[in-house]
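Here is the structure we will look at, set down as structure tokens.
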Amino acid sequence: MKNIDVAEVSGLAVQLYPSMNSAVEDIMQNHIGTACSAVAINPEKIILSRENAEVKQVLENNEIRYADGIGVVKYISYKTKKKISRIPGCELWEQLMKVAGKRNIPVYLVGGKNETVSHTVEKLKENYSTPIVGYQDGFFSEEDEVINDILLSKAQIVSVALGSPKQELFIGKCKQAGIQAFFMGVGGTYDVFTGNVKRAPKVFCNIGLEWFYRLISQPTRIFRQRNLIKFFLLACSNKL
């Protein structure tokens, strides 16, 4: 597969994937079996990285930074004159789980409530024949024991649902421990996958208004949406 183009957004290099399939194939061909991790980039994370050096360092510690937020996609497309696709993290994760089943790539799941992660394991096996070699809910106190279990499992894909920045910090410790796997922080993806949390209707997702659906469904998110306004103003004034 040819090299993936990269664009800088406020000092962060973001991979320019033309489609979901290209993102999946890049990961499968170039990053399985290596200590590598991926993180979703959206306007909120861009603004936080500008205001907090630790947040920026956490994001930079990931070898793959893909454009999840529609604001980032539109900005990059405008600046680079290239057509790129939005890569929703939950959809990327599910596609990777599907391909892992087809190619018999061992997977380890971390995070979520015990009933949620166990339900996720059952559904992955049933739907995609994903070879799950281990899982651990998010309520553990001995990190070293979990990391050692992942190491012994020989997993080549590890998805971590502990919320940011906890999941990114945990992934960093796993990589330092010498685990040669592709890591992906997935936030609340297990809840969405198992139906515990309803995702925005497809029409909202298709037109890039998933953020708006979340806002009207959960008005308390309005305080977080201020970062969208900051991003928009910086983008319009060419200060990103």
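The values are calculated or read from the model by the stated rules, or taken from the named source; none is laboratory data. Keep in mind that what you see is a predicted model, and the values were worked out from it rather than measured. Quick reminder, even Gly has a Cβ in these numbers, built from the backbone with ideal geometry, and neighbours come from all protein chains shown.
Taking Gly138 and the conditions (1) more than 18 Å from the chain's Cα centre (by Cα); (2) in the same structural domain as Leu169 (by TED's automatic domain parsing); (3) not aliphatic (A, V, I, L, M), which numbered condition does it fall short on, given that it satisfies the others?
(1)
Mind listing just one residue for me: the one in segment 37-57 that is under 14 Å from Gly187 (Cβ atoms) and among the aliphatic types (A, V, I, L, M) and, of those, surrounded by the most Cβ atoms within 10 Å (Cβ to Cβ)?
Restricting to residues being under 14 Å from Gly187 (Cβ atoms) and among the aliphatic types (A, V, I, L, M), the top hit is Ile41.
Taking interchain pairs and intrachain pairs at least six residues apart, which have beta carbon atoms under 6 angstrom, with the first residue in segment 33-54 and modelled with pLDDT of 90 or more and the second surrounded by fewer than 20 Cβ atoms within 10 Å (Cβ to Cβ) and of a type in the set (Asp, Glu)?
Qualifying pairs under 6 Å: Cys36/Glu63.
Please go through segment 1-25 and pick out each residue that is assigned to a helix (DSSP H, G or I) and surrounded by fewer than 19 Cβ atoms within 10 Å (Cβ to Cβ).
Met20, Asn21, Ser22, Val24, Glu25
Conditions tested, residue by residue: (1) closer than 17 Å to Asn42 by Cα; (2) within 17 Å of the chain's Cα centre (by Cα); (3) not assigned by TED's automatic domain parsing to the domain that holds Tyr190.
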| residue | (1), (2), (3) |
| --- | --- |
| Ile70 | yes, yes, yes |
| Tyr78 | yes, no, yes |
| Glu94 | no, yes, no |
| Pro106 | no, no, no |
| His119 | no, no, no |
| Val133 | no, no, no |
| Glu143 | no, no, no |
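Check off (1) exposed (fewer than 14 other Cβ atoms within 10 Å of the Cβ); (2) modelled with pLDDT of 95 or more; (3) more than 25 Å from Lys202 (Cβ to Cβ); (4) not assigned by TED's automatic domain parsing to the domain that holds Asp137 for Arg65 and give me the number that stays unchecked.
(1)
Residue-by-condition table, conditions (1) surrounded by 18 or more Cβ atoms within 10 Å (Cβ to Cβ); (2) of a type in the set (A, V, I, L, M):
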{"residue": "Ser118", "(1), (2)": "no, no"}
{"residue": "Ser129", "(1), (2)": "no, no"}
{"residue": "Leu169", "(1), (2)": "no, yes"}
{"residue": "Cys174", "(1), (2)": "yes, no"}
